[in-house]
Amino acid sequence: MKLSPYMLNANQAVKFEKADQLELAATFWRQASAVAVKEVNRDWADVRADRCDKRRTLAVRHEAARQKAIAEKEAKRVAEALGSHINKTTSGGSNDQG
């Protein structure tokens, strides 16, 4: 049995979703929507494409927030180490009262 253009695109979209390749999945869902004969299939494909887009952008924002937190933690660590070093070298490291 030959698959319809809708089913060919929908099957590809599902494969990409399972592989977490959400940009490609959204593209195939949009193609499925464009060739869908039934309105219910068109609506389903549109919803899936939007869901893939939202998941993808959420993942991007999450990774950016994670990287920012890592950078802030490292900056704080460096600042504390520098502060500690400055305190050690300026508070009694020398008894020259000349």
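We did not get these values from a lab; they are worked out from the coordinates using the rules stated. Please read all numbers here as calculations on a predicted model, not as lab measurements. Every residue, glycine among them, receives a Cβ derived from its backbone with ideal geometry; neighbour counts consider all protein chains shown.
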Quickly estimate the mean residue ellipticity at 222 nm for the chain, helices only: each DSSP H run with n ≥ 4 gives -39500 (n - 2.57), and the total goes over all residues, rounded to 500. -29000 deg cm²/dmol
With only Lys, Arg, Asp and Glu charged, each at its Cβ (+1 for the first two, -1 for the last two), find how big the charge dipole of the chain is about the Cα centre; round to the nearest 20 debye. 340 debye
Please report Rg (one decimal) and Dmax (integer) in Å for the Cα set of the chain. 27.6, 99
